[in-house]
1. Check cross-link reach from Lys385 to the aspartates and glutamates: straight Cα distance under 14 Å, and skip same-chain residues fewer than eight apart.
2. Report the convex hull volume per residue for the range 99-189, counting only C-alpha atoms, in Å³.
3. Output the relative contact order of the range 185-277, whole-number percent, from Cα pairs under 8 angstrom with separation of 6+ residues.
4. Too long at a 25 Å Cα-Cα cut-off: which of Lys141/Lys161; Lys267/Lys324; Lys269/Lys396; Lys207/Lys281; Lys261/Lys391?
5. Show me the three semi-axes of the equivalent ellipsoid for the range 150-256, from the C-alpha gyration tensor (sqrt of 5 times each eigenvalue), largest first, rounded to whole Å.
6. How much mean residue ellipticity at 222 nm does the chain get from its helices, if each DSSP H run of length 4 or more adds -39500 (n - 2.57) and you divide by all residues, to the nearest 500 deg cm²/dmol?
7. State, as an integer percentage, the relative contact order of the range 99-189 based on alpha-carbon contacts under 8 Å between residues 6 or more apart.
8. Would you mind computing, in nm to one decimal, how far apart the modelled labels at Arg187 and Lys363 are, each placed 7 Å from Cα along Cα→Cβ?
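What follows is calculated from the coordinates using simple rules that are stated; it is not laboratory data. Please read these numbers as outputs of a predicted model, since none were measured by experiment. Neighbour counts are summed over all protein chains in view; Cβ atoms, including those assigned to glycine, are modelled from backbone coordinates with ideal geometry.
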Amino acid sequence: MKRSYYIWPTVIALALALGIFVGGKLHFNDSPEKLFTTNSKKDKLNRLIDYIDYEYVDEINTDSIVDVTVNNILDKLDPHSVYIPRGEMAKVAENMKGDFVGIGINFYPYKDTITVIRTIENGPSFLKGIKPGDRILMADKDTLYGQGLSSDAIVNRLKGKIGTSVELKVYRKTEDRTFTVNLRRDRIPIKSVEAYYMLTPDMGYIKINRFAESTYNEFTHALRALQQYGATKLTLDLRDNPGGYLGIAEQMADEFLPDGKLILFTKNKKGQIDKTFATRKGNFENKPVYVLINERSASASEIIAGALQDNDIGTILGRRSFGKGLVQREMELGDGSAVRLTVSRYYTPTGRSIQKDYQNGSKDYYQKFTDRYHSGELVSVDSIKVADSLKFTTPKGKTVYGGGGIIPDVFVPIGTNEEEAVESMESLGFMSRFVFEHLEEDRKRYSNFTRDAFIEEFRVDDILFEQFVDYAINANIKMNFYDHEEKLKLYLKAAFAEQLFSPNLHAKIKSAGDRMLQKVMELDRPTIQQREADQIEAQN
């Protein structure tokens, strides 16, 4: 007998409430001496810190006071001017640089032991034969099992300087043996091009999750590969992409825009305007392009969507984007910490600023973001509030609006609460964890699958689906699982594909249940029908 469980999940509203942490141009030429000249304001703060250091009755960590003070100052400016403490700088820099030095594995702490999910292709672990399911017991003389170590602590023990060696003690369950292997640490890419594949015989798909230093090179590599496979059209997926480097977004937009077209312009405190134009190097000009955005697409994602929309290039699909039109620069504070300070606003080619109002502070700013969910604008385009004073017109006469994000050309509503709960279970890794634990029970059962055989033959049967339902119930997830059985089974198959083969295969399988991608196919259908008609006419 089928079982049904039901509750309106709160995970969607929580997901919408996540802050958007984005960067801007990270170049600053002025020296600290020019920026921070001696004045009474600076002296006042310095004296206060000195008085606390030397005169206050109790011992006080003045470093923490300074951190709090800096955060309070920045909080009074805008929601995107942020302080990066010294202890977080390395991690932030790695994420934006696009690589780190390590051994190249994805892992789960599983039953008090570090277990490999998969190795990074051509990384140190991959080249030395480490396999999914291997348990890493020790790194040099450090014991990694039974210690209750956090993921960050484990990563710190496996990372090190490039070229240094680490000896791992590994247990392989499938062979019931323990062995040692010496690895030489190397640079491991943090991929920002999450997946790319052929969506149809002539349309490529590229998913980008942020704009880091390496993103443009990753993007052009993916684009060239898709063109070799026959792509003459492209779907660029910028959903949930919080942004990053402005210059990378400009380079990517240039790939689609003809020479001389305005990409954007910035304006600083002094009113100085800096315009960026497309060059002759574009590799995908005059070709159909679909850009996918949603309520969590921000900053650099909005720059690309706005540049194409204002130049009447391609089609923007999805829901209104986040609404961040401010540019930050990163400046060091002399002690290993830094501040990302808003230094200008950017405007789309028609002159739009898509920055949301932040005059009432950060709390109100992010509350406006969650209010979109409750107002109904994620369900109906008619619920999006626009102001006639912010109306602009593209060269071909299309009406676009400034203020609070990019409104897509084609609206695709968010799913029901339960549909979005299914999406969240997939995107937040819950299904991946279930699949990992299932594989751990008997990996040999799946070892003979080839990629093509997996695509054609593997099915999530009713027994496996029931196991997943029990797993979800034990995790206190309550919903009508059987109302969403088809999509849940599809996403579970995609999770298997990622762990057994690659993120690309995961994305390709999952696309069959993606509402926005189905809309792209629908919009592209007239083109396909016309091509088929032309072929028939040519044959006659």
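1. Output for Lys385: Asp357, Asp371, Glu377.
2. Values: hull volume 7.7 nm³, N = 91.
With only Cα atoms used, the range 99-189 gives 84 Å³ per residue.
3. Working: 131 pairs, mean separation 22.3, N = 93.
Relative contact order of the range 185-277: 24 percent.
4. Working: Lys141/Lys161 17 Å; Lys267/Lys324 15 Å; Lys269/Lys396 32 Å; Lys207/Lys281 22 Å; Lys261/Lys391 21 Å.
Table pairs above 25 Å Cα-Cα are Lys269/Lys396.
5. Values: eigenvalues 260, 73, 33 Å².
Rounded to whole Å, the semi-axes are 36, 19, 13.
6. Values: 18 runs with 204 residues, N = 540.
The helix-only estimate for the chain comes to -11500 deg cm²/dmol at 222 nm.
7. On the way: 190 pairs, mean separation 30.7, N = 91.
Relative contact order comes out at 34 percent.
8. For the pair Arg187/Lys363, the computed spacing is 4.5 nm.
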